[in-house]
C-alpha cells in the first residue's frame with residue numbers, strides 16, 4: 001500500500017509528469033496552485049476536467065496546477081521579481097532545464113559574464129542536463145524534483161534548490 005503524497009508534493013508530481021510528457025528543451029514554465037475545493041466551489045462544472053466525479057469531494061488540501069503565460073523576459077530573477085499572486089493562489093511551481101556541474105568544476109570556471117559562463121558550462125565534459133521543478137506554498141512549505149536527462153532518473157526532496165525556492169516564496173510577499 002502506498003501512502004498518498006502531501007498536497008504540495010502531489011501537485012509537484014502532477015506538474016513534473018505533465019512537463020516530462022512534452023519532452024526536453026522547453027522554456028521555463030510556471031504554474032499557479034489553486035485549492036481544488038475552492039475551484040470546485042466556485043465552478044462545480046470543473047470537476048470532470050480535474051478528474052473528480054460530480055459531487056465527489058477532492059482530497060483535503062488538494063491543489064490544482066494552472067499554467068501561466070510564458071515569461072516575456074529572458075532573465076528569470078527579473079521575471080520572478082515582477083510576480084505578485086492574488087490571495088486565491090496557495091502556491092506555485094516553476095520548472096526549468098539547467099546544466100549542473102560537479103563541485104570541483106567551479107575552480108576551473110573562467111572569469112566571464114553569466115552568458116559566457118552558461119556557454120562554458122554547456123560545453124563542459126562533466127555537465128549534467130537536468131529538469132528542476134520547485135514548488136512552494138504560501139505558508140513556506142517546499143517540494144522539489146530533479147530529473148536527470150541522461151539517466152531519466154527522478155530525485156525528490158523538500159530543499160534541493162533553496163535559492164530558487166526562496167525566490168518563488170518572495171512572489172507571495174509582493
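Quick note: the coordinates plus some simple rules give every number you see, no bench work behind them. As the structure is a prediction and not an experimental result, all values here were calculated from the model. Cβ coordinates were reconstructed from backbone atoms using ideal geometry, including for glycine residues, and neighbour counts include every protein chain displayed.
Pick out which of 136, 146, 99 has the largest mean-square fluctuation in a Gaussian network model of the chain, springs linking Cα atoms closer than 10 Å.
The residue that fluctuates most here is 99.
With runs of 4+ DSSP H residues as the only contributors, calculate the mean residue ellipticity of the chain at 222 nm using -39,500 (n - 2.57) per run, divided by the residue total and rounded to the nearest 500.
-7500 deg cm²/dmol
With an 8 Å Cα cut-off and a minimum separation of 6 or more residues, compute the relative contact order for the chain in percent.
Rounded, it is 24 percent for the chain.
Expressed as an acute angle from 0 to 90° and rounded to the nearest 10, what is the orientation of the C-alpha long axis of helix 7-21 relative to the principal long axis of the chain?
It works out to around 60 degrees.
Only counting other Cβ atoms within 10 Å, I'd like 108, 36 sorted with the fewest neighbours first.
Values: 108 9, 36 24.
Going from sparsest to densest Cβ surroundings: 108, 36.
Could I have the simple spin-label model distance between residue 149 and residue 108, label points 7 Å from Cα toward Cβ, reported in nm to one decimal?
Going from the residue 149 label point to the residue 108 one covers 1.9 nm.
Quick check on the chain: what does the Kirkwood estimate of hydrodynamic radius come out to from the alpha carbon pairs, in Å? Please report the intermediate quantities before stating the final value.
Values: mean 1/r = 0.0569 Å⁻¹.
Here the Kirkwood hydrodynamic radius works out to 17.6 Å.
Starting from the Cα-Cα distance between residue 118 and residue 77, subtract it from 0.36 nm times their residue separation and give me the gain in nm to one decimal. Don't skip to the answer; put the middle values down first.
Numbers: separation 41, 0.36 × 41 = 14.76 nm, distance 1.56 nm.
Once the chain is fully extended between residue 118 and residue 77, it gains 13.2 nm.
Between rounded, prolate and oblate, where does segment 88-135 land on the alpha carbon gyration tensor, with a ≥ b ≥ c its root eigenvalues, rounded for a/c under 1.5, else prolate if a/b exceeds b/c? Can you show the working numbers first?
Values: a/c = 3.02, a/b = 2.29, b/c = 1.32.
Note, shape of segment 88-135 comes out prolate.
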